[in-house]
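The values are calculated or read from the model by the stated rules, or taken from the named source; none is laboratory data. All of these numbers come straight from a predicted model, not from anything done at the bench. Neighbour counts are summed over all protein chains in view; Cβ atoms, including those assigned to glycine, are modelled from backbone coordinates with ideal geometry.
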Amino acid sequence: MASETILETHHLIKEFKGFVAVNDVSLKIQKGDIHALIGPNGAGKTTCFNLLTKFLTPNSGRIVFNGQDITHESSPEIALKGVIRSFQISAIFPNLSVLENVRIALQRSAGMSYHFWKPEKSLHHLHDKAMELLTQVDLQAFAKTTGGELPYGRKRALEIATTLAMDPQLMLLDEPTQGMGLEDVARVTDLIQKVSVNRTILMVEHNMKVVASIAKRISVLQRGQIIAEGNYQEVSQNPLVLDAYMGRTDAQLEGAQHA
């Protein structure tokens, strides 16, 4: 049985005052996959992400999600459809507890974003769901901890929990292990794999060991264009990819921390 495509782009182009940052990019993301978007610095990965999540509008091309053209829809509109993004910098409320951070995300998904004036007890029905999400990301023991007090890797886990609270069909993770030590990288990598069950994940990631260990399919960008696609073994042996990474050998590419 053929895999079902959840997100596809057709010939996306984005220019900035004559500079072509994304040049004729056509992607197909299969439902249930962890799909990685990699490439050297300046390859157009973040711009591509910004196009997919409607922070930018393409000059030309189409974006289709679950068979519907979303090219001209706004970020809130596609979020309601189930396309949810995290960012390079952890976006949490540092002065609220871990539980409260997740509960706010649950309020938003339940259409209760503007109910802050109501008594806290009116939100208690969200407590069990919030704790369930914290358990999924191994933060249940930190429920009462202030978000700003969490170690960096745990903050990224909290951000994933708030993303899950939005009930995403497609999670877009922008460099989820950036700036982490080895222990946190391993923890977050395991977490991404864990939460990918029954979900689709598209991620930009610089750590090639992470990509090699969890990505089912990889698209490689260079100068705004896709130069290779396939599994890690295929793309890591592709001459165009090796050249894009400044002539590194396969072993060097696998150990690279920055693409």
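Numbers below:
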quantity: Residue in region 43-52 that is in a loop (DSSP other than H, G, I, E, B) and either outside the structural domain of Leu106 (by TED's automatic domain parsing) or of a type outside the set (D, E, K, R) (or both) present; calculated: yes
quantity: Conditions (1) modelled with pLDDT of 90 or more; (2) closer than 30 Å to Val25 by Cβ; number of the one not met by Thr145; calculated: (2)
quantity: Qualifying positions in region 188-203 - crowded, with 19+ Cβ neighbours inside 10 Å, more than 17 Å from Ala165 (Cβ to Cβ) and not hydroxyl-bearing (Ser, Thr, Tyr); calculated: Val188, Leu202, Met203
quantity: Considering residues of region 17-43 that are within 18 Å of the chain's Cα centre (by Cα) and among the basic types (Lys, Arg) only, the residue surrounded by the most Cβ atoms within 10 Å (Cβ to Cβ); calculated: Lys28
quantity: Enumeration of residues in region 58-77 that are among the β-branched types (Val, Ile, Thr) and touching a Lys or Arg at 6+ places or on another chain (Cβ under 6 Å); calculated: Thr71
quantity: Region 66-92, residues that are in a strand (DSSP E or B) and either closer than 18 Å to Asp24 by Cα or aliphatic (A, V, I, L, M) (or both); calculated: Asp69, Val83, Ile84
quantity: Of all residues making up region 72-93, the number that are touching a helix residue (DSSP H, G or I) at 6+ places or on another chain (Cβ under 6 Å) and at pLDDT 90 or above; calculated: 1
quantity: Counted residues, region 124-174 - those being surrounded by 20 or more Cβ atoms within 10 Å (Cβ to Cβ), among the charged types (D, E, K, R) and in contact with a strand residue (DSSP E or B) (Cβ under 7 Å, 6 or more places away or on another chain); calculated: 1
quantity: Residues within region 181-205 that are closer than 29 Å to Asn66 by Cβ and either outside any helix (DSSP H, G or I) or touching a strand residue (DSSP E or B) at 6+ places or on another chain (Cβ under 7 Å) (or both), tallied; calculated: 11
quantity: For Asp167: the one exception among (1) on the phi > 0 side of the Ramachandran plot; (2) in a helix (DSSP H, G or I); calculated: (2)
quantity: Subset of region 204-215 that is surrounded by fewer than 20 Cβ atoms within 10 Å (Cβ to Cβ) and of a type in the set (A, V, I, L, M, F, W, C) - its residue that is nearest to Thr162 (Cα to Cα); calculated: Ile214
quantity: Subset of region 196-205 (residues that are in contact with a His (Cβ under 8 Å, 6 or more places away or on another chain) and either acidic (Asp, Glu) or over 9 Å from Leu37 (Cα atoms) (or both)); calculated: Thr200, Ile201
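Here's the yes/no breakdown for (1) among the acidic types (Asp, Glu); (2) closer than 26 Å to Leu51 by Cβ; (3) in the same structural domain as Ile214 (by TED's automatic domain parsing):
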{"residue": "Gln140", "(1), (2), (3)": "no, no, no"}
{"residue": "Glu149", "(1), (2), (3)": "yes, no, no"}
{"residue": "Arg154", "(1), (2), (3)": "no, no, no"}
{"residue": "Asp174", "(1), (2), (3)": "yes, yes, yes"}
